[in-house]
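These notes are about the structure you will find just below.
The values are calculated or read from the model by the stated rules, or taken from the named source; none is laboratory data. All of these numbers come straight from a predicted model, not from anything done at the bench. Cβ coordinates were reconstructed from backbone atoms using ideal geometry, including for glycine residues, and neighbour counts include every protein chain displayed. Only protein heavy atoms, including side chains, enter the accessible area calculation; ligands, DNA and RNA are left aside. Shrake-Rupley method; radii C 1.70, N 1.55, O 1.52, S 1.80 Å.
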Amino acid sequence: DSGVTQTPKHLITATGQRVTLRCSPRSGDLSVYWYQQSLDQGLQFLIQYYNGEERAKGNILERFSAQQFPDLHSELNLSSLELGDSALYFCASSVGDGSKLFFGSGTQLSVL
Amino acid sequence: QKEVEQDPGPLSVPEGAIVSLNCTYSNSAFQYFMWYRQYSRKGPELLMYTYSSGNKEDGRFTAQVDKSSKYISLFIRDSQPSDSATYLCAVPGSDYKLSFGAGTTVTVRA
């Protein structure tokens, strides 16, 4: 168990809908990262937050947004969902920048 | 150019064989390197963390870094069926975010 908690484990929704994925980092970790994993794209970095502030952005679509709350948990919001958004979404946490990442078990999103 | 390149395999070996996994990276400024193991439909877990050139050993696993060639390797000795997983190399990209290789899927046959 990595100590990173992600909910829900599975999410099935329809195109055009909006969903929210939730992540609780390991105790003491200030950084939260979101990654998307699909068969054809591999593990792709989306966005990082550090102590509530956005730190780095990857190839995150404008339809996607995230935030980190004062208690350090984070949410990833995906809107106007398309079939191609179906993927595994992972949250990871670390103590700080450049540190070892610890991953949650992921949320499997299926857009039908 | 991708920051890290990894042969996606797949790789199938008999139990007890040595597994050799490789990645190349583009930025010679990278100072540390990681290997993650991911079981099917699970989150990646940190397997090895190396900070410099040379070898690092942990049980049956050895991570090797050759900075002159920008090449990183992971060796698994006496491979077991429980080692069947996808192995991903990772390097720090810009802003310290980790960039992952495509992952190599390994199957160890009993």
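Go through A:GLY106, A:GLY84, A:GLY58, A:GLY96 for me and flag whichever is small (Gly, Ala, Ser) and on the phi > 0 side of the Ramachandran plot. Steps first, please.
Details: A:GLY84 fails: on the phi > 0 side of the Ramachandran plot; A:GLY58 fails: on the phi > 0 side of the Ramachandran plot; A:GLY96 fails: on the phi > 0 side of the Ramachandran plot.
One residue alone meets the criteria, A:GLY106.
For region A:9-46, which positions are closer than 15 Å to A:PHE103 by Cα, touching a residue at least 60 places away in the same chain (Cβ under 8 Å) and not aromatic (Phe, Trp, Tyr)?
A:LYS9, A:LEU21, A:CYS23, A:PRO25, A:ARG26, A:GLY28, A:ASP29, A:LEU30, A:SER31, A:VAL32, A:GLN37
Considering only region A:53-76, state which residues are in contact with a Phe, Trp or Tyr (Cβ under 7 Å, 6 or more places away or on another chain) and over 21 Å from B:LYS42 (Cα atoms).
Initially, region A:53-76 is screened for residues in contact with a Phe, Trp or Tyr (Cβ under 7 Å, 6 or more places away or on another chain), giving A:55, A:58, A:66, A:68, A:74, A:76.
A:ARG55, A:GLY58, A:ALA66, A:GLN68, listed by residue number.
Test B:THR105 against the criterion of being open to solvent by 50 Å² or more (accessible area, probe 1.4 Å) and polar (S, T, N, Q), and give yes or no.
Working: open to solvent by 50 Å² or more (accessible area, probe 1.4 Å): yes; polar (S, T, N, Q): yes.
Yes, satisfied.
Any idea which of (1) in contact with a Gly (Cβ under 8 Å, 6 or more places away or on another chain); (2) within 14 Å of chain B (Cβ to nearest Cβ) is the one A:PHE69 doesn't satisfy?
The failed condition is (2).
For A:TYR50, work out the one condition from (1) more than 9 Å from chain B (Cβ to nearest Cβ); (2) without any contact (Cβ under 8 Å) to a residue 24 or more places away in the chain; (3) open to solvent by 60 Å² or more (accessible area, probe 1.4 Å); (4) not polar (S, T, N, Q) it doesn't fulfil.
The number of the failed condition is (2).
What's the total number of residues in region B:1-18 that are in a loop (DSSP other than H, G, I, E, B) and over 13 Å from the mean Cα position of the chain (by Cα)?
Initially, region B:1-18 is screened for residues in a loop (DSSP other than H, G, I, E, B), giving B:1-3, B:7-10, B:15-18.
Still in the list and also over 13 Å from the mean Cα position of the chain (by Cα): B:1-3, B:10, B:15-18.
Number satisfying all stated conditions: 8.
Quick grid of which residues meet (1) at pLDDT below 95; (2) farther than 27 Å from B:GLY9 by Cα; (3) of a type outside the set (Asp, Glu); (4) open to solvent by 30 Å² or more (accessible area, probe 1.4 Å):
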position	(1), (2), (3), (4)
A:ASP40	yes, no, no, yes
A:LEU43	yes, no, yes, no
A:ARG63	no, yes, yes, yes
A:GLU75	no, yes, no, yes
A:PHE90	no, no, yes, no
A:SER105	no, no, yes, yes
